[in-house]
Amino acid sequence: MSFLEIAGVRKSFGPTTVVQNFDLSVERGEFISFLGPSGCGKTTMLRIVAGFERPSAGTVRIDGEDVTDLAPNARRIGMVFQAYALFPNMNVGDNVAFGLKIAGMGRAEREARVDEMLKLIGLPHVRDRYPYQLSGGQQQRVALARAIAPKPRVLLLDEPLSALDAKIRVSLREEIRELQRALGITTIFVTHDQEEALSMSDRIVVMSDGRMEQVGTPFEIYNRPRSRFVASFVGTLSLLEGRAEIGGRVAVAGQEIEAETPGARPGDTVTLALRPEALSLVPSAERRNQLTGEIADVAFLGSVVRIRARFAANELLIDTFNDPASPPPSRGQPVTVHFSPDDIQCLDAATGASHRPTSQRQALDLRAVEPV
Ligand SMILES: Nc1ncnc2c1ncn2[C@@H]1O[C@H](COP(=O)(O)OP(=O)(O)OP(=O)(O)O)[C@@H](O)[C@H]1O
Ligand SMILES: [Mg+2]
């Protein structure tokens, strides 16, 4: 049995079901993200694990113990919320000591633990300050220290970085992950930011509309999305509409490319999906496909230059690395993009199935997913 077991959980508020068929086993020390759009049920699921919400069906077990009916304070769980939830009338030291006091820890031990925690988050000097005297990033660090001080069995983080500016967000996510690894604490991190989920997690649970769409490592989720929803929500994806022809060929925008389209008959309309990094302006032996069109837009993002190219009614996004020696192409210029047939994902509109190239093919089911 895994350290944290969520089995058959459903949650309804009145007639509305907001989480259903939620089954997840989390190993000790694992860092899991719940990733999904606003309203898909991430916070609700986290609150069920924390004990603030009771599931309408199903169970939650921690370390073999059924905690479904336990009050939050009896579960030994630490939680950090999106909005800074420090007690405004207590200084940092008292905030961090709060859970320890409730747990009945003696004064001397408590003081030592607070010192240790503040050192751990790199803020040993703010002990006597009040929350209003801290920056947003510092407040979230203190909230983290307060959550982990009582040595919880599971750490739950509900979008703890979303109120912070971009730079702090990136550095703090690295800090959180480092701390989590060092302490070996089993963690669930809620976010709607795919980059956060991809960069931090051991595994990601992609959620949509109260359902688990896919569970997998960041690599699996990004490279082998099992539904159209996951493919489009995680990362960027361009879609090409084409017509299947004989012999593994597809007509796109009056040109012909090589693509596997399992299940499609000649004449069928097919949708092909491509990631921006799979496309190149440079030909190579593997990149057997090419399409010629026109540059519609160029976005200079720093290390990456994202090019939008138009091919009749189709558009593709192409990511290229910045090269200081050669400026990017300009709008309106003709362009030829090159890509490998292996990088094409065929999303078959007719049957709702999605197909990976042979090397990565697996059973996919997109029937329940609305088109993007
Ligand atoms: N106490 C409640 N009573 C009724 N409906 C609720 C309650 N709590 C949540 N919901 C509904 O459940 C759904 C899921 O909400 P939840 O807060 O879990 O979403 P979320 O994925 O965390 O979204 P966000 O990214 O915006 O925080 C929403 O439609 C919400 O309105
Ligand atoms: Mg939420």
Fill in the blank from the handout: Of the listed residues (LEU100, LEU155, LEU120, LEU161), the one being under 21 Å from the mean Cα position of the chain (by Cα) and away from ligand 2 (no atom under 16 Å from the Cβ) is LEU155
Handout entry: Candidate set from the stretch 184-219 (those that are part of a helix (DSSP H, G or I) and among the charged types (D, E, K, R)); member that is farthest from ligand 1 (Cβ to nearest atom)
Key = GLU195
Practice task
May I ask you to list pairs of residues, at least six apart or on different chains, whose Cβ atoms are under 8 Å apart, with the first in the stretch 36-57 being more than 24 Å from VAL234 (Cβ to Cβ) and in contact (Cβ under 8 Å) with a residue 12 or more places away in the chain and the second being near ligand 2 (Cβ under 9 Å from one of its atoms) and β-branched (Val, Ile, Thr)?
Solution key: GLU53/THR44
Exercise for the section: Sort out which residues of the stretch 155-183 are part of a strand (DSSP E or B) and among the hydrophobic types (A, V, I, L, M, F, W, C), and write them in order of number. Expected result: LEU155, LEU156, LEU157
Practice task
Would you check which residues across the stretch 124-141 are touching a residue at least 40 places away in the same chain (Cβ under 8 Å), more than 24 Å from the chain's Cα centre (by Cα) and surrounded by 18 or more Cβ atoms within 10 Å (Cβ to Cβ) and list them?
Solution key: PRO131, LEU134
Handout entry: In the stretch 1-35, residue farthest from ligand 1 (Cβ to nearest atom) [restricted to those that are free of Cβ contacts under 8 Å to residues at least 24 places away in the same chain and not hydroxyl-bearing (Ser, Thr, Tyr)]
Key = PRO15
Problem - Selected residue (criterion: surrounded by the most Cβ atoms within 10 Å (Cβ to Cβ)) from residues of the stretch 28-51 that are away from ligand 2 (no atom under 11 Å from the Cβ) and within 19 Å of VAL206 (Cβ to Cβ) - result: LEU35
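Starting from residues that are out of contact with any helix residue (DSSP H, G or I) (no Cβ under 7 Å at 6 or more places or on another chain) and crowded, with 18+ Cβ neighbours inside 10 Å, keep the ones in the stretch 155-174 and report whichever is farthest from ALA74 (Cα to Cα). Outline the logic, then answer.
To start, the set of residues in the stretch 155-174 that are out of contact with any helix residue (DSSP H, G or I) (no Cβ under 7 Å at 6 or more places or on another chain) comprises 157, 159, 162, 165-167, 169-171, 174.
When the remaining residues are screened for being crowded, with 18+ Cβ neighbours inside 10 Å, the result is 157, 159, 169.
Numbers: LEU157: 18, GLU159: 24, ARG169: 31 Å.
In this case the residue turns out to be ARG169.
Table: residues versus (1) closer than 16 Å to LEU155 by Cα; (2) surrounded by fewer than 18 Cβ atoms within 10 Å (Cβ to Cβ).
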site	(1), (2)
ILE77	yes, no
ASN89	no, yes
ASN95	no, no
MET105	no, yes
GLU109	no, yes
ALA112	no, yes
GLY122	no, yes
Practice task
Please find, within the stretch 244-260, the residue that is nearest to ALA312 (Cα to Cα) out of those that are assigned to a loop (DSSP other than H, G, I, E, B) and not aliphatic (A, V, I, L, M).
Solution key: GLY254
Exercise for the section: With respect to LEU144, determine if the residue is away from ligand 2 (no atom under 16 Å from the Cβ), in contact (Cβ under 8 Å) with a residue 60 or more places away in the chain and assigned to a strand (DSSP E or B). Expected result: no
Problem - Answer from GLU258, GLU245 - the residue that is touching a helix residue (DSSP H, G or I) at 6+ places or on another chain (Cβ under 6 Å) and of a type in the set (Asp, Glu) - result: GLU258
Handout entry: Residue within the stretch 220-232 that is surrounded by fewer than 21 Cβ atoms within 10 Å (Cβ to Cβ), touching a strand residue (DSSP E or B) at 6+ places or on another chain (Cβ under 9 Å), in a strand (DSSP E or B) and at negative phi present
Key = no
Handout entry: Which listed residue, of ARG61, ARG10, ARG54, is more than 16 Å from ligand 2 (Cβ to nearest atom), modelled with pLDDT of 95 or more and not in a strand (DSSP E or B)
Key = ARG54
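How many residues are near ligand 1 (Cβ under 8 Å from one of its atoms), among the small types (Gly, Ala, Ser) and either assigned to a strand (DSSP E or B) or modelled with pLDDT of 95 or more (or both) if we restrict to the stretch 37-51?
Adding up the residues that qualify gives 1.
The values are calculated or read from the model by the stated rules, or taken from the named source; none is laboratory data. Please read all numbers here as calculations on a predicted model, not as lab measurements. Note that we place each Cβ from the backbone using ideal geometry, even for glycine, and neighbour counts take in every protein chain shown.
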